[in-house]
1. Any idea which residue in region 127-143 is nearest to the chain's Cα centre (by Cα), counting only those that are open to solvent by 50 Å² or more (accessible area, probe 1.4 Å) and not hydroxyl-bearing (S, T, Y)?
2. Give the residue, chosen from K43, K11, K72, that is among the basic types (K, R), over 16 Å from the mean Cα position of the chain (by Cα) and surrounded by 16 or more Cβ atoms within 10 Å (Cβ to Cβ).
3. Cβ contacts < 7 Å: first residue of a type in the set (K, R), restricted to region 152-165; second residue assigned to a strand (DSSP E or B), any location; separation 6+ or different chain. Result?
4. Which of the numbered conditions does V35 fail, given that it passes all the others? Conditions: (1) within 19 Å of A155 (Cα to Cα); (2) under 15 Å from the mean Cα position of the chain (by Cα).
5. Are there any pairs, at least 6 apart or on different chains, whose C-beta atoms fall under 7 Å, with the first in region 169-194 and open to solvent by less than 10 Å² (accessible area, probe 1.4 Å) and the second aromatic (F, W, Y), and if so, which?
6. Name the single residue, out of those in region 152-164 being over 9 Å from the mean Cα position of the chain (by Cα) and under 17 Å from A49 (Cβ atoms), that is least open to solvent (accessible area, probe 1.4 Å).
7. Can you confirm whether Q146 is assigned to a loop (DSSP other than H, G, I, E, B), within 25 Å of I34 (Cβ to Cβ) and polar (S, T, N, Q)?
8. For the list (1) part of a loop (DSSP other than H, G, I, E, B); (2) touching a residue at least 60 places away in the same chain (Cβ under 8 Å); (3) open to solvent by 20 Å² or more (accessible area, probe 1.4 Å), I need the number of the one condition that D220 fails.
Amino acid sequence: MSMIVFTNVTKKYGNGTVALNDVSFAVEPGEFVIVEGASGAGKTSVMRAMIRDFTPSSGVIEIDGINLATLKSRDIPLLRRKIGVVFQDFKLLMDRTVAENIDLALDILGLEDETAIKRRNELLELTGLSGKESDFPVQLSGGEMQRVAIARALAPQPKILFADEPTGNLDGHTAMSIIELLGDINSQGTTVLMATHDLELIKNRKLRRLQFDKGALVKDVGKKEHHES
């Protein structure tokens, strides 16, 4: 079963803006997919549709076997636990430490204190932030702040991680380290989608690329063929 399926998905706003235009694709569990295109091409709209931030004007979206059209409003938080989202501007709480930013995401899960601390420490280690837990965001580099945002997004152990322009504010070397981290996360089984307009960063990586333009999926490059056994 595919992890993400878009079937003829269109989103048209009342003012005539078309955010998504008849988009169809499927992403298999454990894939690492680049969602590419210029600003306004539809990359963020794909993410917003996946977390049911809006309902499509037409078409069907399925996440981990769930048809989002039939999902009750009360179940949207459970859907969003399946999908970790990382934003370009980090969205960290500046008056909270690294540990406290991650703990806020863990608190929502209602874990026992001991379990939450263990999970936080695992996330700090995974994202290369061990030793930074008492620092405030203002004390961190841009790359470190992005790592905190990734750790927070991974708190509920989502099946899917959508990183929306995660390297947009970073220098080349730092950006590559973030892509390598996303690769490590993917290698542990998480399905990763990374939206970017900077193709220089990924030119040496054999990754599937969904190319968007004006809300339409214009090219699906490097798609693996999946045959039913």
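The values are calculated or read from the model by the stated rules, or taken from the named source; none is laboratory data. Predicted, not measured: the structure shown is a model, and the values here were computed from it. Don't worry about glycine lacking a Cβ; one is built from the backbone with ideal geometry, like all the others, and counts go over all protein chains shown. Just the protein is used for accessible areas: all its heavy atoms, side chains included, with ligands, DNA and RNA removed. Shrake-Rupley method; radii C 1.70, N 1.55, O 1.52, S 1.80 Å.
1. Taking the candidates together, the pick is G128.
2. One residue alone meets the criteria, K11.
3. K159/T191
4. Only one criterion is unmet by V35, namely (1).
5. Here the result reads V192/F32; L193/F162, each pair linking region 169-194 to a residue that is aromatic (F, W, Y).
6. Going through the qualifying residues, I end up with P158.
7. Numbers: assigned to a loop (DSSP other than H, G, I, E, B): no; within 25 Å of I34 (Cβ to Cβ): yes; polar (S, T, N, Q): yes.
No; evaluated as a whole, the condition is false for this residue.
8. (1) is the only condition that D220 fails.
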